[in-house]
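Below is one structure; the comments refer to it alone.
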Amino acid sequence: MDLLEQEGFVYKESGLGTKVLSNLTLLGQHDSPVNSFAGLSAENGSDRVSSKIIKFEVAFPSADLCEKLNLDENDPVYEIIRLRLLDDEPLVIEHTYMPVSPVPALSKRILEGSIYSYLHKKLHIKFGGVFRRIKADLPDKYDRQYLGANESTPILEIEQIVWTNSGVNLEYSRSRNLYNNRSYIMVETSH
């Protein structure tokens, strides 16, 4: 029931019960909850989602990345760029950085599937929270090459830092999609 409330389908109030919100006429097929930790594969079904690995390297973090992930300059990170496809159509480019130490043995095989599934099921990592910034942007070279954007196609970007339930910053990422391929929903209640 808490998940349904979090995703905006029910409204709960102590002493008054739970009400199903049936008037969500704005909900569309490309909508993703802005507060979801599920990931693309869980939201759409792993049989519909695939990945093309564009870059997968281990590197030392920049000063900016050290600050975002609360790392030392000598702590190696995975640098991952992958194209996520839905029903074999390009949907989103993910630029992801993760510290190597809490995420050992990350491989291309894992990246071709769901990173979040690997983190949760194999490493038993639980997410504690996320900071997300959603903004419009102009396309970069990856958006033009892999998403088919031209120089003026609007891009929707979600920049995020995900931390574990023990407070360790686990991921810094930027996910970019064409303006008309994905949207994000947020439901707020007054309690």
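The values are calculated or read from the model by the stated rules, or taken from the named source; none is laboratory data. Nothing here was measured: the structure is a model prediction, and the numbers come from that model. Using ideal geometry, Cβ is built from the backbone for each residue, glycine included, and neighbour counts are taken over all protein chains shown.
One table, with the values for the structure above:
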item	result
Output for the range 141-167, where each listed residue is assigned to a loop (DSSP other than H, G, I, E, B) and in contact with a strand residue (DSSP E or B) (Cβ under 8 Å, 6 or more places away or on another chain)	Gly148, Ala149, Thr153, Pro154, Asn165, Ser166, Gly167
Of the criteria (1) at pLDDT 95 or above; (2) within 23 Å of Lys55 (Cα to Cα), which one Tyr116 fails	(1)
Complete set of residues in the range 82-111 that are farther than 18 Å from Arg174 by Cα and not hydrophobic (A, V, I, L, M, F, W, C)	Asp87, Asp88, Glu89, Ser101, Pro102, Pro104, Ser107, Lys108, Arg109
Within the range 33-92, considering residues that are surrounded by 14 or more Cβ atoms within 10 Å (Cβ to Cβ) and acidic (Asp, Glu), the one modelled with the lowest pLDDT	Glu43
Filter result for Ile125 (in a strand (DSSP E or B), surrounded by 17 or more Cβ atoms within 10 Å (Cβ to Cβ) and not basic (Lys, Arg))	no
Any chance Ser101 is loosely packed, with under 11 Cβ neighbours inside 10 Å and either of a type outside the set (Lys, Arg) or over 29 Å from Ser166 (Cβ atoms) (or both)	no
Among the residues listed as Asn165, Asn181, the single one being closer than 22 Å to Pro104 by Cβ and of a type in the set (S, T, N, Q)	Asn165
Near pairs, Cβ below 6 angstrom, 6+ apart or cross-chain, from the range 150-179 (in contact (Cβ under 8 Å) with a residue 60 or more places away in the chain) to any residue that is acidic (Asp, Glu) and not in a strand (DSSP E or B)	Arg176/Asp143
Residue that is nearest to Arg84 (Cα to Cα), among those in the range 134-153 that are exposed (fewer than 10 other Cβ atoms within 10 Å of the Cβ) and over 19 Å from the mean Cα position of the chain (by Cα)	Lys141
Asn181 vs. criteria part of a loop (DSSP other than H, G, I, E, B), under 16 Å from Arg84 (Cβ atoms) and out of contact with any Asp or Glu (no Cβ under 6 Å at 6 or more places or on another chain)	yes
